[in-house]
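S.K.: Have a look at this one before I ask anything.
Any read-out appearing in this document is the output of simple, stated calculations on the displayed coordinates, not a laboratory observation. Computed from a prediction, not measured in an experiment: that's the story for all the values here. Using ideal geometry, Cβ is built from the backbone for each residue, glycine included, and neighbour counts are taken over all protein chains shown.
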Amino acid sequence: MRAEVIEKMKESRASMARLLAIHEENALKLAIEYERRRMHLDRELISKSELREAELALEKTLSQMEQLKRWIIQDDIAITEATMRDELLRLPALAVGGFSETGALVRFNGGGLWSLAEAPKIEKFFAQMFGRALPVTAFGQTTTHDRLRFDHRNAMDVAVHPDSSEGRSLLSYLRQTGIPFIAFKGAMPGASTGAHIHIGQPSARN
Ligand SMILES: [Zn+2]
């Protein structure tokens, strides 16, 4: 059942990647067309609205590409949690405050206060430290977790590689504040696809 859902997600992820490649090609053509019209406008061969038309077409494709990229990252993260779930369940439980690093997983069973209501504190830390918003890909339960029958109600996923400098600072902040996490370095050795930090307790077995 779960394997079937994972397979379907991998298929949809692959078709999004194909669509993204088509958009990328298209964006290149639209950028060339925009540039061509801009030069024509300079020589007063076309009107401003013709230039604006080309600009809008390019903007639309670029924003569709951004959306696709976000969806692909979300899928990669969910697929990673789903495929590494068994490995995670086989690991010995950690005592409160316990920390462990095994292969592609880093776990911390913080005993501090944690619920999604604490998320703004982490967002603030990250934004002050790195000058950009915390890249949250899943806040609590999502339809993807429903499909996987995962209880993700009290957890959030952040698309930051645990080994990056941002990742390392975030993990040490979470340890200092006693917030539990599981950091995934990617489902496949050597590949960082799906790498992320899951903040909160592991999804309960159901
Ligand atoms: Zn998660």
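S.K.: Can you list the aspartates and glutamates whose alpha carbon sits under 15 Å from that of LYS60, skipping same-chain ones fewer than 8 residues off?
M.R.: Filter leaves GLU24, GLU25, GLU33.
S.K.: Okay, moving on. Of the trypsin sites (Lys or Arg not before Pro) in region 62-139, which ones lie in a loop per DSSP and count no more than 10 other C-beta atoms within 10 Å? Mind dumping the intermediate values first?
M.R.: On the way: sites: LYS69, ARG70, ARG85, ARG90, ARG107, LYS121, LYS124, ARG132; in loops: ARG132.
In loop regions of region 62-139 (DSSP not H, G, I, E or B), the sparsely surrounded trypsin sites (Lys or Arg not before Pro) are ARG132.
S.K.: Ranked from highest to lowest mean number of other Cβ atoms within 10 Å per residue, what is the order of the peptides 171-181, 13-23?
M.R.: Peptide ranking by packing, descending: 171-181, 13-23.
S.K.: Run the dipole for region 1-95 about the Cα centre, Lys and Arg Cβ at +1, Asp and Glu Cβ at -1, nothing else charged, and hand back the magnitude in debye, nearest 20.
M.R.: 40
S.K.: Measure nothing but the geometry: give the 0 to 90° angle between the long axis through the Cα atoms of 2-42 and the longest principal axis through the Cα atoms of the chain, rounded to 10°.
M.R.: Approximately 30 degrees, to the nearest 10.
S.K.: At 7 Å along Cα-to-Cβ for each site, give me the label-to-label distance between ARG147 and LEU116 in nm.
M.R.: Taking the simple label geometry, ARG147 and LEU116 are separated by 1.9 nm.
S.K.: Round to the nearest 10 and give me the degree value, 0 to 90, for the angle of helix 165-176's Cα axis relative to the longest principal axis of the chain.
M.R.: 30
S.K.: Quick one: helix 48-83 against the long Cα principal axis of the chain, what's the angle to the nearest 10°, folded into 0 to 90?
M.R.: 20
S.K.: Quote the charge dipole size of the chain about the Cα centre in Debye, to the nearest 20; the model charges only the Cβ of Lys and Arg (+1) and of Asp and Glu (-1).
M.R.: For the chain, the charge dipole is close to 340 debye.
S.K.: Report the relative contact order of the chain, percent, no decimals, based on alpha-carbon pairs under 8 angstrom and at least 6 residues apart.
M.R.: 20
S.K.: How about LYS185: which lysines have a C-alpha closer than 20 Å to its C-alpha, ignoring those fewer than 8 places off in the same chain?
M.R.: Partners found: LYS10, LYS69.
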